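Following: one structure in structure tokens, then a few remarks.
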């Protein structure tokens, strides 16, 4: 018994050192500050000012957030004429942040989704001009040709799937989103009145 006590007394300092090292290592892995911003909508001057105020970028628009995590909750585009500059800035700091242990997480909002599917109701001529290049007209013509070629080669499939399937129940009664949680699963169905993602349903995962 006494030898066991002597062994325990000898091992105790080593155990304390190991515990201290593990604690310090865990502290190094602890998440840093989290900043979340939504609905920029092309307001470039205000976007820059906000990022500078919270210490994520400097006067040269370079990442100064260290190990912070910046979450952009979507809707960078549309409405404001400087949407392109907001997008470029977001992509720049996304590339810069990892060098100091930081992270930039851009999420897609409903306006990004609308642009992807061709819904341009909030895209002004001024915004379009900022994305134009010398090849824009040629690219547009080629894209339209590719689209027509795609339709002609898939006409059979298009006709076969154009009619409602089982009164729409196959499409509209099944979940569009799925996430596994500790308490079970979360499902979100899409119906005729929910044809587009909204801010309340876009950030699963």
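Nothing in this text is a laboratory measurement; each read-out follows from the coordinates by a stated rule. Keep in mind that this is a model prediction, so the values were computed, not measured. Every residue, glycine as well, gets a Cβ built from its backbone with ideal geometry; the counts of neighbours run over all protein chains shown.
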Self-check item: Spin-label model distance (nm) - residue 128 vs residue 154, 7 Å beyond Cα toward Cβ
Solution: 2.5
Exercise. Could you check what % of the DSSP bridge pairs in segment 30-154 are antiparallel, to the nearest 5?
Key: 10
Quiz item: Residue separation times 0.36 nm, minus the C-alpha to C-alpha distance between residue 137 and residue 61: what's the value?
Solution: 24.1 nm
Exercise. Could you tell me whether segment 42-82 comes out rounded, prolate or oblate from its Cα gyration tensor? Rule is a ≥ b ≥ c as square roots of the eigenvalues, rounded for a/c under 1.5, then prolate if a/b exceeds b/c, otherwise oblate.
Key: oblate
Quiz prompt | Fewest-first ranking of 152, 60, 136, using other Cβ atoms within 10 Å as the exposure measure | solution = 60, 152, 136
Quiz item: For labels at residue 49 and residue 145 in the simple 7 Å Cα→Cβ model, what's the distance in nm?
Solution: 4.8
